[in-house]
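Only one structure is covered here, and it is reproduced in the block below.
Where a number appears in this text, it was derived from the coordinates with a stated rule and is not lab data. Computed from a predicted model, the values in this text were never measured in an experiment. A quick note on method: Cβ atoms are made from the backbone with ideal geometry, for glycine too, and the neighbour counts reach across all protein chains shown.
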Amino acid sequence: MLEIDARIPHGNIADPHIQTEGGKVHVAFSAHSHGGPECLWFCFRLKNKARHTRPIPVVLHLRNIGNMLGLSPGNARHVRPVCRIGGGLWQRLDPPRPLVHPDGRCDILWQMNLAGRSADVAFCYPYGSTELGSLLGDICGRWSADTIGVSQAGRPIVRLSNAKAAKGGRRPGLYLIARQHSGETPGSWVLDGMIRRFDEMGPAAPIVWAVPFSNVDGVEQGDYGKDNFPYDLNRAWGILPMRHEVRVIQPDLHRWKERCIPALAVDLHAPGGAEKDGAYCFLPNKSKHPFQHRIAKVWADAVEKSLGPDYAGKPFGRIADYPSRWETPHFDQFCHRIGVPALSLETSYQACRAGMLDIDGYRQIGRRIADGIAAKLKIRAGKGLSRQGGAE
Ligand SMILES: [Zn+2]
């Protein structure tokens, strides 16, 4: 009665099994690691192949969550993937039922109704070329989208910019980057909100250059992309880069730096799969890099203040002391090396203190981050500058 199709944008599923039990269709599956050591992202379409289109009760059964980054029996109840019926709006699934087997393995089960011909299911709200196209349509004519090079599989890497800045320009500048870990879609929705807010600021905005899909191959292929082979993109930022994407973005950072007063670089991520603490950032290690820590902390404080208690995680500024497969430089370390303060920002796949995060919530986080940066730059970004009546 049901079929699974993973050949949709960002498709990812492994080991699917479909069977009917007690009037419900049971869809068991795993997230696919796509050749890397870690997995978390999944995305697929369920198709109703029956003659009728009466709602079909479906049980989604995600297996062996202990193999997924940041998931465990203790936090399984916080995991709320998204689904959409037909081409409709994405919505969170209802809270799940964790299932711990006698041997200790843990699965998670969600209930849903398939009404109509198809339903798409994903770990979090997808963000790819369609969603970026919507953003570009809304900021059309005011921002440029230029190809700065290609990925290691030959896909174009696009960089957005809000001004034709000439060499030696004296406006403050921001460099933004998302999806180094390609499955971390909350970073894209936050970037979307930031760009919309900077667009509303008009000529008062800082110079903004932004790479929406740094790991564009992983975005297109539905890879989770954290620690993936041949080399995690966010560990490839040595002076001699270990991935071609970094080889492309590094000279772009230098071009940006020559055309503004470089104020800040921001790298947008998502944390472990079950974390539900809104947005927070990683700062340089205080004991190893006290000067860089102090400068980044000033920016982090400005962003935390603007996010407010509903959206800012506690604590907001953290030190990345988890073990890494590659001890080579991150994006923010490269930025510090070339004299640019940088923040690495994490936004939950799930929730913040104000409740479950939806697309508007992610954009709101981005808008507040933009406002915090603008306030620190002493840019008057008030209501009068709004283009779409969306200013707060
Ligand atoms: Zn990441």
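Using per-residue counts of other Cβ atoms within 10 Å, averaged over each peptide, order 116-122, 138-144, 248-254 from highest down.
So the peptides 116-122, 138-144, 248-254, ranked by packing, come out 116-122, 248-254, 138-144.
Give the long-range amide H neighbours of S118: residues separated by 5 or more places, or on another chain, with amide H under 5 Å away, using H modelled in the peptide plane at 1.01 Å from N.
For S118, the qualifying residues are N48, G86.
Checking the a/c ratio against 1.5 first, then a/b against b/c, what shape does the Cα gyration tensor give for region 196-353?
Because its axes are fairly even, with a/c under 1.5, region 196-353 counts as rounded.
Listed here are the pairs K257/K376; K49/K226; K164/K276; K167/K286; which of them are more than 29 Å apart at the Cα?
Cα-Cα > 29 Å for K49/K226; K164/K276; K167/K286; rest within.
Given H placed 1.01 Å from N in the peptide plane, which residues other than close sequence neighbours of I157 have an amide H under 5 Å from its amide H?
Amide H to amide H, under 5 Å and 5 or more residues apart or across chains, I157 pairs with I148, G149, V150, S151.
Sketch the reach of a paramagnetic label on R170 as a point 7 Å from Cα along Cα-to-Cβ, and name the residues of region 339-380 whose backbone nitrogen lies under 19 Å away.
377-380
I'm checking a number: the convex hull volume of the Cα atoms of the chain, normalised per residue, in Å³. What is it?
Output value, Cα hull per residue: 142 Å³.
I want the antiparallel fraction of DSSP beta bridges within region 129-385, as a percent rounded to 5.
Of the beta bridges lying entirely in region 129-385, close to 40 percent run antiparallel.
Using Cα pairs under 8 angstrom and six or more residues apart, how large is the relative contact order of the chain, in percent?
17 percent
Compute a Gaussian network model of the chain, connecting alpha carbons closer than 10 Å, and tell me which residue from G23, G169, G272 fluctuates the most.
The residue that fluctuates most here is G23.
Testing the spin-label approximation: label points 7 Å from Cα along Cα→Cβ at H289 and S129. State their distance in nm.
The two pseudo-label positions are separated by 3.5 nm.
Which whole-percent values make up P(r) of region 248-331 when all C-alpha to C-alpha distances are grouped in 10 Å steps starting at zero?
It works out to 14, 41, 36, 9, 0, in whole percents.
Can you figure out the FRET efficiency of A375 with D146, using R₀ = 22 Å and their beta-carbon distance, to the nearest 0.05?
With R0 = 22 Å, the Cβ-Cβ based efficiency is 0.15.
I'd like the distance between the alpha-carbon centres of region 80-159 and region 286-344, rounded to an integer number of Å.
Using only Cα atoms, the two centres lie 27 Å from each other.
By average Cβ neighbour count within 10 Å, what is the ranking of 340-348, 68-76, 187-195 from highest down?
187-195, 340-348, 68-76
Relative to the compact-globule scaling 2.2 N^0.38 Å, provide the ratio for the alpha-carbon radius of gyration of region 204-281.
1.27
Which ³J(HN,Hα) values, rounded to whole Hz and listed in residue order, are derived for region 330-343 from phi using the Karplus coefficients 6.51, -1.76 and 1.60 in 6.51 cos²θ - 1.76 cosθ + 1.60 with θ = phi - 60°, glycine and proline given as x?
8, 3, 5, 5, 4, 4, 4, 5, 9, x, 10, x, 9, 10
Could you tell me whether region 2-122 comes out rounded, prolate or oblate from its Cα gyration tensor? Rule is a ≥ b ≥ c as square roots of the eigenvalues, rounded for a/c under 1.5, then prolate if a/b exceeds b/c, otherwise oblate.
Prolate is the answer for region 2-122, as a/c is 1.5 or above and a/b outweighs b/c.
Skipping prolines and chain starts, which residues have an amide H placed within reach, meaning under 5 Å, of the one on R318, given they are 5 or more residues away or on another chain?
Result for R318 returns C281, F282, L283.
Where does the charge balance sit around D120 when Lys and Arg score +1, Asp and Glu -1, over other residues with C-beta under 14 Å from its C-beta?
My count for the surroundings of D120 gives +3.
Compare the peptides 27-39, 216-228 by average per-residue count of other Cβ atoms within 10 angstrom and give them in order, highest first.
In decreasing order of mean packing, 27-39, 216-228 become 216-228, 27-39.
Give a quick list of trypsin sites (Lys or Arg not before Pro) in region 147-203 that DSSP marks as loop, anything other than H, G, I, E or B, with at most 11 other Cβ atoms within 10 Å.
K164, K167, R170
What distance in nm lies between label points placed 7 Å from Cα along the C-beta direction at A14 and R247?
2.9 nm
From the backbone phi of region 146-162, what are the Karplus-calculated ³J(HN,Hα) couplings (6.51 cos²θ - 1.76 cosθ + 1.60, θ = phi - 60°) in whole Hz, Gly and Pro given as x?
10, 8, 9, x, 10, 6, 5, 9, x, 7, x, 9, 9, 10, 8, 8, 9
For the chain, what does the helix formula give at 222 nm: sum of -39500 (n - 2.57) over DSSP H segments with n ≥ 4, over the residue count, nearest 500 deg cm²/dmol?
-7500 deg cm²/dmol
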